[in-house]
Structure formats: structure tokens, C-alpha cells
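Visitor: To start, I am sharing the structure in question, which I have written as C-alpha cells.
The values are calculated or read from the model by the stated rules, or taken from the named source; none is laboratory data. Only a predicted model underlies this, so the values are computations on that prediction, with no experimental measurement involved. Cβ placement follows ideal geometry from the backbone for every residue including glycine, while neighbour counts extend to all protein chains displayed.
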Amino acid sequence: MTDETPARGDRIAKWLARAGVASRRDAERMLTEGRVRLNNAVVTHPATFVEPGDIVQVDGAVIGAPERTRLWRYHKPDGLVTTHRDPEGRQTVFERLPPGMPRVVSIGRLDLTSEGLLLLTNDGALARRLELPSTGWLRRYRARVNGRPDPAALAALAKGVTVDGVRYGPIEAGLDSVRGDNSWLSLSLREGKNREVRRVLAHLGLHVSRLIR
């Protein structure tokens, strides 16, 4: 016979993320703020493990054990913010979800005036993993811009570009059509930094009037 060390559960921040309470980073902040209890004792160390049967509370509310990981595709319309609480009182994506949806977090974000595919999950740890640039997911966009882009300038984006001191990776960009004063572009990129498409195209002198992922 051999001695085996009993398997421990998840670290508490990961457990909270999997339960859909918050991202792991936000869960770690909750720990430092003393908002999390395990079996009625305030958690003081992030290396605390949650095992089956343990009772976890956040702000006094008991948190149910994580469900199986699920992923949803959501078509975000123009005019919604991708946040759970907006200090300006604007309507959020999460306020418009169908009744009966569990608490979910978004994988990445789309800004207020952007629309299209947004991935949602009940597993905050999965969201964090998929958001990492090293994951290398290909993101495709269609952008309507004012004016007629220079094909050579679009092609040069394949080598990456630096805008206001920020380095953006390769972007495959092409002109789809021209309709009056507007042009439609297709773009593919893997980094997905904050407002990347809008900032890069503005660098080329192009104002984005509609952006669809």
C-alpha cells in the first residue's frame, strides 16, 4: 500500500470565479477587502482551498457551488455597455439577458457603440484564460468608415503598427466595398486590445461609424 495525499479543492479565488461571482482578479480583491468568509471565518490568505461541503459567503450571502462550465454566444446591440454596473446609469448587457440566465461574465468586452459577437460564461476562470493574448484567438470585424482607405496603408497593418506609444500586433485588413462616402472593411486580429480597431483606423485618418464583431 502507498500513502496518498488527499486531493484539495480549488483555491478560493478560482472557486469564486468558477461560481460566476467575479473574475479571479476581482475575487482576489474581495479577499483583501475582507468580504469573503469560509465556514464563517474571514478568509485572510489567497492560498485557502475550498473543499466539498464548505460554506462560502461573499458580503454575507452564501455562494452556491460552481455549476458545470457553460458558454453562451450573445449578439450585443449598439448602445449597451459590457459591465455589471455602470456609474453613468447606462443600460448594460447583463440587464438585457433572457430571464433565467445564471450569473455570467463576459469574455472580453465590446464598447458602447460596437455590436456583434460577445461570449459569456458562468466560469470566471475560463473567461480570464481566454482573454489572455497568449490564447491567440482570431477576432474578425467589419468596420464602416468615412472616406476611401488607402489599400497600401491597410496592407501595411499586417506588420503591426504603433499608435500613441502602444504597439499593436499584425492586423489583416481589406476593403470590401465603397458606398457613397463610406467604405466597408474586413479586419482580422489576435490581440484585441482596448478599442484597437478604432484607434488603428483613426491613425490612418479613418473614422469608424459602425463596428461589428
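Visitor: With the structure loaded, tell me whether ALA202 is assigned to a helix (DSSP H, G or I), among the small types (Gly, Ala, Ser) and without any contact (Cβ under 8 Å) to a residue 60 or more places away in the chain or whether it fails that test. I'd like the intermediate steps shown before the answer.
Guide: Numbers: assigned to a helix (DSSP H, G or I): yes; among the small types (Gly, Ala, Ser): yes; without any contact (Cβ under 8 Å) to a residue 60 or more places away in the chain: yes.
Yes; evaluated as a whole, the condition is true for this residue.
Visitor: While we're looking at this one, here's another question. Picking from ASP150, ASP164, ASP123, which residue would you name as being acidic (Asp, Glu) and buried (at least 16 other Cβ atoms within 10 Å of the Cβ)?
Guide: Numbers: ASP150 fails: buried (at least 16 other Cβ atoms within 10 Å of the Cβ); ASP164 fails: buried (at least 16 other Cβ atoms within 10 Å of the Cβ).
Among ASP150, ASP164, ASP123, only ASP123 is acidic (Asp, Glu) and buried (at least 16 other Cβ atoms within 10 Å of the Cβ).
Visitor: From the list GLY147, GLY89, which residue is touching a His at 6+ places or on another chain (Cβ under 8 Å) and either at pLDDT below 95 or farther than 23 Å from TRP184 by Cβ (or both)? Talk me through it step by step, then tell me what you get.
Guide: Details: GLY89 fails: touching a His at 6+ places or on another chain (Cβ under 8 Å).
From the options GLY147, GLY89, the qualifying one is GLY147.
Visitor: Picking from GLU28, GLU67, GLU95, which residue would you name as being buried (at least 17 other Cβ atoms within 10 Å of the Cβ) and over 15 Å from the mean Cα position of the chain (by Cα)?
Guide: None of the other options fit; the residue is GLU28.
Visitor: Quick one: would you say ARG85 is assigned by TED's automatic domain parsing to the domain that holds LEU126 and within 22 Å of SER106 (Cα to Cα)? Can you show your working first?
Guide: Working: assigned by TED's automatic domain parsing to the domain that holds LEU126: yes; within 22 Å of SER106 (Cα to Cα): yes.
Spelling it out, ARG85 is indeed assigned by TED's automatic domain parsing to the domain that holds LEU126 and within 22 Å of SER106 (Cα to Cα).
Visitor: What is the number of the single condition among (1) assigned to a strand (DSSP E or B); (2) in contact with a His (Cβ under 9 Å, 6 or more places away or on another chain); (3) among the hydrophobic types (A, V, I, L, M, F, W, C) that VAL178 does not meet?
Guide: Against the list (1) assigned to a strand (DSSP E or B); (2) in contact with a His (Cβ under 9 Å, 6 or more places away or on another chain); (3) among the hydrophobic types (A, V, I, L, M, F, W, C), VAL178 comes up short only on (2).
Visitor: Identify the single condition in (1) assigned to a loop (DSSP other than H, G, I, E, B); (2) touching a residue at least 24 places away in the same chain (Cβ under 8 Å); (3) within 26 Å of GLY64 (Cβ to Cβ); (4) in contact with a strand residue (DSSP E or B) (Cβ under 8 Å, 6 or more places away or on another chain) that LEU112 does not satisfy, given that it satisfies every other one.
Guide: Among (1) assigned to a loop (DSSP other than H, G, I, E, B); (2) touching a residue at least 24 places away in the same chain (Cβ under 8 Å); (3) within 26 Å of GLY64 (Cβ to Cβ); (4) in contact with a strand residue (DSSP E or B) (Cβ under 8 Å, 6 or more places away or on another chain), the lone unmet condition for LEU112 is (3).
Visitor: Now a separate question. Identify the single condition in (1) in contact (Cβ under 8 Å) with a residue 12 or more places away in the chain; (2) small (Gly, Ala, Ser); (3) under 23 Å from ARG24 (Cβ atoms); (4) loosely packed, with under 14 Cβ neighbours inside 10 Å that ALA155 does not satisfy, given that it satisfies every other one.
Guide: Tallying (1) in contact (Cβ under 8 Å) with a residue 12 or more places away in the chain; (2) small (Gly, Ala, Ser); (3) under 23 Å from ARG24 (Cβ atoms); (4) loosely packed, with under 14 Cβ neighbours inside 10 Å, ALA155 fails exactly one: (3).
Visitor: Could I ask something else about it? Considering only residues that are in a helix (DSSP H, G or I), among the hydrophobic types (A, V, I, L, M, F, W, C) and closer than 19 Å to ASP181 by Cα, which ones fall in the range 137-153?
Guide: ALA153
Visitor: Count, please, the residues in the range 38-61 that happen to be in a strand (DSSP E or B), under 28 Å from the mean Cα position of the chain (by Cα) and either of a type in the set (Phe, Trp, Tyr) or more than 13 Å from TRP15 (Cβ to Cβ) (or both).
Guide: Residues meeting the conditions: 2.
Visitor: Quick one: count up the residues across the range 67-81 that are in a loop (DSSP other than H, G, I, E, B) and under 23 Å from ASP10 (Cβ atoms).
Guide: 4
Visitor: Considering (1) small (Gly, Ala, Ser); (2) outside any helix (DSSP H, G or I); (3) without any contact (Cβ under 8 Å) to a residue 12 or more places away in the chain, say which one SER134 fails and leave the rest.
Guide: (2)
Visitor: Just to be sure before I move on: is LEU187 surrounded by 15 or more Cβ atoms within 10 Å (Cβ to Cβ) and either out of contact with any Ser or Thr (no Cβ under 6 Å at 6 or more places or on another chain) or more than 20 Å from GLY108 (Cα to Cα) (or both) in the structure I sent?
Guide: Criteria met by LEU187.
Visitor: Conditions first: (1) farther than 16 Å from GLY20 by Cα; (2) hydrophobic (A, V, I, L, M, F, W, C); (3) under 11 Å from the mean Cα position of the chain (by Cα); (4) modelled with pLDDT under 95. VAL105 passes all but one, so which condition is the exception?
Guide: (1)
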